[in-house]
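Data first, discussion second: the structure below is written as structure tokens.
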Amino acid sequence: MADTSTDAETVQYDVVVVGAGGAGLRAAIAAHDAGARTAIVCKSLLGKAHTVMAEGGIAAAMGNLWPDDGWQVHFRDTMRGGKMLNHWRMAQLHAQEAPDRVLELEEWGALFDRLDNGLISQRDFGGHRYARLAHVGDRTGLEMIRTLQQRAVALGIDVFMECTVTDLLIDETAGERRIAGAFGYWRESGRFLVFEAPSVVLATGGIGKSYEVTSNSWEYTGDGHSLALRAGASLVNMEFVQFHPTGMVWPPSVKGILVTESVRGDGGVLRNCEGKRFMFDYIPEYFKAETADSEDEADRWYDDKANNRRPPELLPRDEVARAINSEIKAGRGSPHGGVFLDIASRRDAEFIKRRLPSMYHQFKELADVDITTEAMEIGPTCHYVMGGVEVEPDSGASLVPGLYAAGEVAGGMHGSNRLGGNSLSDLLVFGRRAGERSAEHAQKAEQGRPQVQQAAVQAAAEQALAPFAIEGGGENPYALQQELQASMQELVGIIRTDEELVLAREKLTELEDRATRLVVHGDRRYNPGWHLALDLANMLLVSECIAVAARARTESRGGHTREDFPGTDESWGDVNLIVTMGDDGHVVLRRQPLPQMPDDLRELFEGK
Amino acid sequence: MGYELAMRLWRGDADGGELRDFSVEVSEGEVVLDAIHRVQATQAGDLAVRWNCKAGKCGSCSAEINGRPRLLCMTRLADFDQAETITVTPLRAFPVIRDLVTDVSYNYEKARELPAFAPAPPDADGKRRMMQVDVERGQEFRKCIECFLCQDTCHVVRDHEENKQAFAGPRFFLRYAELDMHPLDTNDRRALAHDAAGIGLCNITKCCTEVCPEGIQITDNAIIPMKERVVDKKFDPLVWLGAKIGRRTDDRTEL
């Protein structure tokens with residue numbers, strides 16, 4: 001019998017950062033530096049967040065290799081990669097500030113790969129005009145998280161490890177809804193914890209665990225998206241989910257694990273079972289002018305960017321993923337249902353091992369494939385959600401005073417499709433901004449701090465303990481999660497139709513109903529079944545957001561492809577879909593005009 | 001293709017526990033963590049196990065498989081005979097929380113004791129220049145995924161709990177060496193490595209190197225050079241004399 005005590009310890013901070021990936025750590029460092037008493041809360045041990053899996057690099061127009069590169073070029077690439085649906089201001093800030101954020105990491109001990117002149121090396125990636133990804137082999141995320149982690153530790157910031165936030169606490173007494181803190185539990189003991197804080201920064205990452213084939217870890221259950229929605233904030237662009245073109249497909253145990261885009265950036269090409277470099281057949285009109293149309297030109301581009309155009313393998317991820325999907329559907333795939341990614345025939349073994357050490361290791365250890373001598377089998381895998389909390393670009397502030405979001409959980413920056421390498425830079429740029437501004441907000445709240453309502457704490461505790469109260473005959477959380485993943489994969493996956501999206505809503509409604517009868521065994525101490533039961537509520541809510549928005553957008557753009565509306569429709573080109581939560585606990589959808597780009601930025605796109 | 005795998009998993013908590021037998025269906029290409037997840041999903045919903053990336057990149061799922069410290073996600077079932085029973089127990093050097101999950105806070109405490117990176121000022125253009133060959137030494141150490149398998153296997157603490165106070169362990173010798181060899185770091189960490197971190201207690205049996213899933217040459221490339229640097233500073237009479245009479249200010253000369 002589980003302990004049913006709703007007692008909770010209480011701690012007080014100025015800023016509570018939920019999540020300890022790149023955005024959370026950078027936000028916490030900024031808040032601390034701004035003088036705020038800061039806490040980091042994370043579901044795993046420190047240093048294990050999903051950022052650790054990022055491979056290719058951090059996009060920043062430092063111009064170390066190509067002096068013509070600059071923030072305007074990076075801005076333009078980012079907007080075009082997102083099919084112009086990005087919030088222009090976020091894309092601008094991101095392109096302008098990314099170089100400083102990279103140099104700052106070096107200041108804190110990061111050891112990036114170097115050019116011959118000693119400056120930070122920059123590598124090619126899809127959708128980027130110039131080689132601009134700062135990297136460490138193919139383990140850039142590990143370098144970034146370790147650097148930020150070591151900085152946060154050196155600054156003495158408090159970290160609540162293996163602690164899950166299940167509710168945001170709101171104070172409504174001053175006539176408006178504002179953040180008063182957060183409620184959570186220690187995974188180790190199952191005991192409750194109340195954070196009293198006027199500012200909360202969400203940095204919880206994405207939603208990929210709602211899909212069957214995903215590169216994401218167990219933590220990616222949409223917690224921040226769900227917390228924000230339930231607190232009264234809005235989500236934007238939820239229909240856009242990025243399927244990374246290259247995930248492992250064999251053996252089944254590793255299906256979905258990421259194969260870095262750097263393989264293509266460093267010269268790898270895609271082939272079908274006939275040995276054909278098929279990407280030349282899939283160059284969309286939108287990118288024709290800047291994409292090579294022959295293998296010769298594509299191959300020359302790596303060394304001479306001025307006189308050649310980019311290989312089609314380095315089109316933005318949405319284009320490449322769709323092309324791979326089409327080849328597989330047309331029966332030209334590899335034996336295990338993917339296509340071939342070949343770098344072995346194009347670069348020597350020494351180069352491959354030096355530039356792609358973790359890919360070499362990963363295929364050798366998990367699939368018995370030596371990537372220096374044979375092609376890899378790969379296929380699309382759910383990787384990233386472009387949609388997230390709607391924020392004010394400069395500050396990361398949501399609609400709820402005191403609630404901020406940064407990183408993958410925030411929406412707008414990447415429009416309908418994110419370019420590779422733009423995620424790590426996004427985490428740093430907007431993590432810092434959200435950290436600073438949340439500290440300012442806390443400072444202002446010093447007179448008249450919001451008060452946590454005891455009734456809300458009691459309600460949150462009872463909600464968290466609910467799965468223990470179900471006696472026999474209930475639903476198994478693991479089985480329910482698998483059903484959810486299968487449904488999202490099949491019905492709200494890479495290619496969508498109205499019919500399937502209707503079915504998805506029905507299925508989600510059924511699963512939500514069954515989720516009220518989840519039963520967990522054992523007690524509250526480190527009980528993964530219980531943890532999953534609580535995470536499932538977030539996964540279901542976020543899945544509903546995706547399905548609703550995906551059905552409404554009757555066109556194809558970026559990470560949203562409709563078989564029944566295959567073309568891009570200009571009438572959708574200036575529309576964001578916004579999701580909020582209605583009184584009945586279900587999501588409400590509305591259209592909102594895209595923020596207008598000022599003329600001086602608009603000129604960057606003319607005549608190009 | 002699929003077969004029934006016999007597993008013995010340790011279940012219990014700080015008060016004690018025991019090995020329990022499970023039989024679970026597994027298939028081609030799976031790893032030990034897959035089998036444990038299937039036990040969890042179908043037979044023991046509250047079975048505690050730490051994991052994150054399931055790709056050998058985060059270092060969360062450390063445990064002991066048939067007595068050997070390994071990552072659950074990188075240990076393939078194909079490495080074992082199908083008839084063999086696979087036994088999984090928690091890391092022995094750390095206190096058990098529940099089942100396969102241990103309290104690894106010792107490592108986080110040692111991390112806090114380490115003085116941070118302290119670089120010299122950047123070049124005039126605000127950038128820093130380092131040669132690839134110089135950063136590669138540190139980069140090898142920064143591949144560390146903090147799985148703490150080296151800490152678990154190191155007999156200085158594995159069999160002697162009392163040593164934990166004075167001994168930071170291989171993972172942190174790696175960190176000391178990384179910072180000491182960093183082209184831009186200005187701190188001298190040799191006294192600290194010796195006094196606070198207890199590098200002298202290590203008698204280079206190389207157990208740490210053997211279990212490192214990243215293949216880092218912990219002993220040869222980090223610990224031994226670090227020991228030599230410590231000895232160089234602490235015991236070399238010429239260096240000592242030079243420092244005393246003020247003739248030799250740059251005592252960072254390598255051996």
Open item on the list: I need two numbers for region B:3-102: Rg to one decimal and Dmax as a whole number, Cα atoms only, in Å.
Closed with: 12.4, 37
Open item on the list: With the cut-off at 22 Å, tell me which of the pairs A:K329/A:K353; A:K48/B:K127; A:K209/B:K57; A:K48/B:K143; A:K209/A:K353; A:K83/A:K288 have Cα atoms farther apart than that.
Closed with: A:K329/A:K353; A:K48/B:K127; A:K209/A:K353
Task: Label zone at B:A124, where the point sits 7 Å out along the Cα-to-Cβ direction: region A:61-76 residues whose backbone N lies under 20 Å - done: A:64
Task: Cα-based helix-to-principal-axis angle, A:528-552 vs chain A, degrees rounded to 10 - done: 60 degrees
Open item on the list: For chain A, take the longest principal axis of its alpha carbons; what is the angle in degrees between that and the long axis of helix A:454-469, to the nearest 10 within 0 to 90?
Closed with: 70 degrees
Open item on the list: Along the Cα→Cβ direction, 7 angstrom out, place labels at A:S345 and A:Q96. What is the inter-label distance in nm?
Closed with: 4.8 nm
TODO: With no solvent and one equal point scatterer per Cα, compute the Debye intensity ratio I(q)/I(0) for region A:505-608 at 0.11, 0.19, 0.21 Å⁻¹ and report its log10, rounded to two decimals.
DONE: -0.55, -1.04, -1.15
Open item on the list: Over all directions, the average projected area of the alpha-carbon convex hull for chain A comes to how many nm²?
Closed with: 26.0 nm²
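With +1 assigned to the C-beta of every Lys and Arg and -1 to the C-beta of every Asp and Glu, and no other charges, what is the dipole magnitude of the protein assembly as shown about the Cα centre in debye, to the nearest 20?
In debye, rounded to 20, the protein assembly as shown gives about 1460.
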- [ ] Could you check what % of the DSSP bridge pairs in the protein assembly as shown are antiparallel, to the nearest 5?
- [x] 70 percent
Task: Calculated FRET efficiency for the pair B:V231/A:E490, C-beta based, R₀ 60 Å, to 0.05 - done: 0.40
- [ ] Give me a single rounded figure for A:111-122: the average over its residues of other chain Cβ atoms within 10 Å of their Cβ.
- [x] 5
Open item on the list: Using only protein heavy atoms and a 1.4 Å probe, how much accessible area in total is buried between B and A, to the nearest 100 Å²?
Closed with: 5000 Å²
Task: For region A:247-381, fraction of C-alpha pairs farther apart than 19 Å, in % - done: 48 percent
- [ ] Considering only DSSP beta bridges where both residues belong to region A:466-593, give the percentage that are antiparallel (nearest 5).
- [x] 75 percent
Open item on the list: Quick check: pseudo-label points 7 Å beyond the Cα along Cα→Cβ at A:H586 and A:D116, how many nm apart are they?
Closed with: 6.5 nm
Task: Highest to lowest packing among A:270-276, A:308-314, scored as the average C-beta count within 10 Å - done: A:308-314, A:270-276
Task: nm² value of the averaged projected area, convex hull over the Cα atoms of chain B - done: 17.2 nm²
TODO: Mind grabbing the accessible area of A:F565 for me, 1.4 Å probe, Å², rounded to tens?
DONE: 80 Å²
Open item on the list: Could you give each residue of region B:207-212 its phi-based ³J(HN,Hα) in whole Hz, using Karplus coefficients 6.51, -1.76, 1.60 with θ = phi - 60°, and x for Gly or Pro?
Closed with: 4, 4, 4, 4, 8, 5
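What FRET efficiency comes out for A:E295 versus A:E603 if R0 is 30 angstrom and r is the Cβ-Cβ distance? Round to the nearest 0.05. Mind dumping the intermediate values first?
On the way: r = 35 Å, r/R0 = 1.16.
For A:E295 and A:E603, the calculated efficiency is 0.30.
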Task: Pairwise label distance in nanometres, A:R191 with B:I204, each label 7 Å out on the Cα-Cβ vector - done: 4.6 nm
Task: For region A:450-509, the fraction of alpha-carbon pairs in successive 5 Å shells from zero, as % - done: 4, 15, 15, 13, 12, 12, 12, 11, 5, 1
Open item on the list: Using C-alpha positions alone, give me the convex hull volume of region A:188-312 per residue in cubic angstrom.
Closed with: 210 Å³
Open item on the list: Please enumerate, by chain and number, the aspartates and glutamates with C-alpha under 14 Å from the C-alpha of A:K444, excluding those fewer than 8 residues away in the same chain.
Closed with: A:D14, A:E436
TODO: Over the whole of A:93-106, what's the average partner chain Cβ count within 10 Å per residue? Rounded to a whole number, please.
DONE: 1
Task: Average accessible area per residue (Å²) across region A:173-269 - probe 1.4 Å, nucleic acids and ligands excluded - done: 18 Å²
Task: 1.4 Å probe accessible area per residue over region A:559-608, in Å² - done: 62 Å²
TODO: For helix B:32-42, report the angle its Cα long axis makes with the longest principal axis of the Cα atoms of chain B; keep it between 0 and 90° and round to the nearest 10°.
DONE: 50 degrees
Task: A:K364, A:K209, reordered so the largest accessible area comes first (probe 1.4 Å) - done: A:K364, A:K209
Task: Of all accessible heavy-atom area on region B:105-245, the percent that carbon and sulfur account for (1.4 Å) - done: 56 percent
Open item on the list: Counting only Cα atoms, I'd like the Rg/Rh figure for region B:105-245, Kirkwood definition for Rh.
Closed with: 0.99
TODO: Specify the inter-centroid distance of region A:370-435 and region A:461-483, based on alpha-carbon positions, in whole Å.
DONE: 31 Å
Open item on the list: Residues of region A:12-55 losing 30 Å² or more of accessible surface, assembly versus chain alone, probe 1.4 Å, please list them.
Closed with: A:L45, A:K48, A:V52, A:M53
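The values are calculated or read from the model by the stated rules, or taken from the named source; none is laboratory data. This one's a predicted model, so the numbers in the text were calculated from it and none came from an experiment. All Cβ positions, even for glycine, are placed from backbone atoms using ideal geometry, and neighbour counts span all protein chains on display. Heads up: the accessible areas ignore ligands, DNA and RNA and are worked out on the full protein's heavy atoms, side chains in. Shrake-Rupley method; radii C 1.70, N 1.55, O 1.52, S 1.80 Å.
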